[in-house]
1. Tell me, please, whether a residue that is under 24 Å from Ala262 (Cα atoms), out of contact with any strand residue (DSSP E or B) (no Cβ under 7 Å at 6 or more places or on another chain), crowded, with 18+ Cβ neighbours inside 10 Å and touching a residue at least 12 places away in the same chain (Cβ under 8 Å) can be found in segment 148-165.
2. Give just the number: which of (1) crowded, with 22+ Cβ neighbours inside 10 Å; (2) among the charged types (D, E, K, R); (3) at pLDDT below 95 does Asp177 not satisfy?
3. If I ask for residues that are assigned to a strand (DSSP E or B) and either under 14 Å from Asn203 (Cβ atoms) or in contact with a Leu (Cβ under 6 Å, 6 or more places away or on another chain) (or both), which ones from segment 217-232 would you list?
4. Look through Ser95, Ser89 and report the one residue that is in the same structural domain as Glu154 (by TED's automatic domain parsing), closer than 18 Å to Pro299 by Cβ and out of contact with any strand residue (DSSP E or B) (no Cβ under 9 Å at 6 or more places or on another chain).
5. Could we say that Ala206 is assigned to a strand (DSSP E or B), outside the structural domain of Arg136 (by TED's automatic domain parsing) and crowded, with 24+ Cβ neighbours inside 10 Å here?
6. For segment 180-197, what are the residues that are free of Cβ contacts under 8 Å to residues at least 60 places away in the same chain, small (Gly, Ala, Ser) and either closer than 16 Å to Gly210 by Cα or buried (at least 24 other Cβ atoms within 10 Å of the Cβ) (or both)?
Amino acid sequence: MDRIGRRLAIHSAACLLCCTLSDAKATLISNIRVRIPMPEFRHLTATSQLDRAHIETRLFPLCETLRADGAADGRLIGLALYSLFYEPSLLTRTSFERAMGLLGGQVYQTEDASQFFPVSNASHMDNIIKILASLRIDVVVLRSSAAGVVERAEFADALTVINGGSEDDHPTQALADLYTLQRELGGIDGARIAVVGRLEHRNVNALLRGLALFDGVNAILVPSSGNADPDVLGYCRQRGMNISVEKDLDALESVDCIYLNAPRTLAHARLLRSRGALNLRIDRAFMDRLKSNCVILDPMQRSGDFTVEVEDDRLAFYRQSENSLVMRMAILTDLLDKAN
């Protein structure tokens with residue numbers, strides 16, 4: 001083979017090698033692209049998801065950081081929250097919307113979700129969530145007591161879903177209450193917690209499930225109406241919680257915390273009184289019977305039928321509402337801020 005022939009052969013071989021390497025590179029890149037996982041949307045839809053280690057090592061410290069720093073770093077700038085509430089809400093909705101704003105995010109909502117986003121069955125929620133995702137919404141806070149709606153929203157997996165109160169659960173309220181107990185009592189292990197009032201309610205279910213994550217907790221249930229969910233009680237007892245039901249307010253004298261859960265309406269409260277149900281009056285005589293360091297909480301923020309006739313530092317209602325804001329800032333950061 002002459003010199004020109006050898007050069008042509010070498011050139012052809014080089015071209016073939018380059019093409020082969022180029023094809024291999026393209027195949028490798030293609031494979032890499034195929035293997036890159038789709039974004040994983042993290043959700044908070046049930047109190048049963050909660051883990052004590054995550055609460056104590058992630059959420060509680062994050063709360064303290066956010067309490068100190070506020071929105072100084074604007075960590076959720078560019079992200080959007082949608083409030084999708086099929087039932088009335090003041091504290092949960094307002095605290096989530098304010099939390100998102102303080103973190104630099106944007107907030108959108110409808111005044112009547114049942115009018116603009118009707119859900120005749122749970123499967124319709126899949127479509128609603130995908131519509132919101134197509135509008136570049138990053139997280140939805142959803143309240144609905146319809147069976148299966150929250151679970152269906154999570155199943156759509158098109159954006160982050162937070163349960164803002166379902167028929168029998170309220171995980172963000174549980175976290176807010178646990179954070180308040182941690183700050184007020186200095187710890188939750190071994191605490192004696194009395195739950196007074198309406199026991200057949202999502203707030204009570206969520207609180208009891210949350211308390212079951214801790215050691216040696218004693219829950220004293222003092223009903224004005226209804227009974228606590230037997231499945232929730234069974235779950236808590238399996239985890240070692242001591243639960244008793246009392247009819248007499250004398251049982252409150254030795255507790256560390258009284259958690260009030262009021263009747264659902266004033267008409268309901270009047271009906272209960274007519275039947276001789278528990279009617280708690282928080283006056284000076286009542287407060288004098290309690291431990292000096294006992295704290296009183298109320299997730300309804302004094303909106304129920306319990307009569308409060310005294311000012312006392314042990315009434316932690318407004319500290320509790322502030323803690324709910326801080327905890328919801330922590331929840332949003334934990335779910336949405338990928339840099340932390």
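1. Let us first name the residues in segment 148-165 that are under 24 Å from Ala262 (Cα atoms), namely 163-165.
Filter once more, keeping what is out of contact with any strand residue (DSSP E or B) (no Cβ under 7 Å at 6 or more places or on another chain): none.
Checked segment 148-165: no residue is under 24 Å from Ala262 (Cα atoms), out of contact with any strand residue (DSSP E or B) (no Cβ under 7 Å at 6 or more places or on another chain), crowded, with 18+ Cβ neighbours inside 10 Å and touching a residue at least 12 places away in the same chain (Cβ under 8 Å).
2. (3)
3. First, pick out the residues of segment 217-232 that are assigned to a strand (DSSP E or B): 218-225.
Within segment 217-232, Ala219, Leu221, Pro223, Ser224, Ser225 qualify.
4. Values: Ser89 fails: out of contact with any strand residue (DSSP E or B) (no Cβ under 9 Å at 6 or more places or on another chain).
Sole residue among the options that is in the same structural domain as Glu154 (by TED's automatic domain parsing), closer than 18 Å to Pro299 by Cβ and out of contact with any strand residue (DSSP E or B) (no Cβ under 9 Å at 6 or more places or on another chain): Ser95.
5. Working: assigned to a strand (DSSP E or B): no; outside the structural domain of Arg136 (by TED's automatic domain parsing): yes; crowded, with 24+ Cβ neighbours inside 10 Å: yes.
So Ala206 fails the test.
6. Step one: list which residues in segment 180-197 are free of Cβ contacts under 8 Å to residues at least 60 places away in the same chain, which gives 186-190.
In the following step, the residues that additionally are small (Gly, Ala, Ser) were identified as 186-187, 190.
Answer for segment 180-197, where residues must be free of Cβ contacts under 8 Å to residues at least 60 places away in the same chain, small (Gly, Ala, Ser) and either closer than 16 Å to Gly210 by Cα or buried (at least 24 other Cβ atoms within 10 Å of the Cβ) (or both): Gly187, Gly190.
So that you can scan it fast, the table gives a plain yes or no per residue for (1) at pLDDT below 85; (2) not in a strand (DSSP E or B):
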site	(1), (2)
Ile243	no, no
Arg264	yes, yes
Lys291	no, yes
Thr333	no, yes
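The values are calculated or read from the model by the stated rules, or taken from the named source; none is laboratory data. Just so you know, these numbers come straight off a predicted model, no measurement behind them. For neighbour counting, all protein chains shown are included, and Cβ atoms are generated from backbone atoms with ideal geometry for every residue, glycine included.
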